[in-house]
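Notes to accompany the following structure.
The values are calculated or read from the model by the stated rules, or taken from the named source; none is laboratory data. Not measured: the values here are computed from a predicted model. Cβ sites come from the backbone with ideal geometry, for glycine too, and all protein chains shown count toward neighbours. Just the protein is used for accessible areas: all its heavy atoms, side chains included, with ligands, DNA and RNA removed. Shrake-Rupley method; radii C 1.70, N 1.55, O 1.52, S 1.80 Å.
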Amino acid sequence: HMRFETLVSVAGGKIQACRVPTAASQPVTIKVRVDATKASGRVNGGAQAATNNGPVGKAWKSGWVRKGHRSSVGTVRVPRGAAYALTAGIGAGQMGDGGSFKTASIRTCH
């Protein structure tokens with residue numbers, strides 16, 4: 001049972017994440033999902049590693065998740081170092097929200 005925490009919430013839909021412990025020499029592995037179990041309608045989310053200069057590496061996108069459902073769990077790898085963070089956002093049609101999150105502040109998955 002993975003212990004996800006909510007990063008951003010819109011219209012009752014949430015983008016959630018947890019951190020998988022990895023060796024110090026490896027990128028930080030973040031598991032992400034969209035939880036629409038209490039959403040008022042369909043939502044979609046995404047996450048990606050980023051620096052102040054913009055996105056880095058491969059993005060994860062949930063696609064549309066119907067209310068009452070959860071997306072499958074995706075993986076984002078964030079390079080180590082103070083310059084890097086996880087950006088995550090969630091949208092519901094015309095409205096959305098997002099943020100930037102230091103990987104160390106994201107709870108571990110277990």
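Residues in segment 55-73 that are in a strand (DSSP E or B), touching a Lys or Arg at 6+ places or on another chain (Cβ under 7 Å) and either open to solvent by less than 40 Å² (accessible area, probe 1.4 Å) or modelled with pLDDT of 95 or more (or both): how many?
2
Starting from segment 90-108, take each residue that is free of Cβ contacts under 8 Å to residues at least 40 places away in the same chain and list its partners that are assigned to a loop (DSSP other than H, G, I, E, B), counting only C-beta distances under 9 angstrom and pairs at least six apart or across chains.
The qualifying pairs are 102/82; 102/84.
Let me spell it out: the conditions are (1) of a type outside the set (D, E, K, R); (2) crowded, with 21+ Cβ neighbours inside 10 Å; (3) modelled with pLDDT under 95, and residue 25 meets all of them except one. Which number is the exception?
(2)
Considering each residue of segment 62-76, count those that are of a type in the set (D, E, K, R) and more than 20 Å from residue 19 (Cβ to Cβ), and give that number.
So the count comes out to 2.
Determine, yes or no, whether residue 104 is in contact with a His (Cβ under 7 Å, 6 or more places away or on another chain), among the small types (Gly, Ala, Ser) and under 23 Å from residue 1 (Cα atoms).
In short, no.
Say we look at segment 74-104 and pick out the residues that are within 14 Å of the chain's Cα centre (by Cα), charged (D, E, K, R) and farther than 23 Å from residue 41 by Cβ; which of these is surrounded by the most Cβ atoms within 10 Å (Cβ to Cβ)?
Per the stated criteria, the residue is 77.
If residue 36 satisfies all but one of (1) of a type outside the set (Asp, Glu); (2) in contact with a His (Cβ under 7 Å, 6 or more places away or on another chain); (3) surrounded by fewer than 21 Cβ atoms within 10 Å (Cβ to Cβ), what's the number of the condition it fails?
Condition (3) is where residue 36 drops out.
So, residue 34, is that one of a type in the set (A, V, I, L, M, F, W, C), free of Cβ contacts under 8 Å to residues at least 60 places away in the same chain and part of a strand (DSSP E or B) or not?
Yes.
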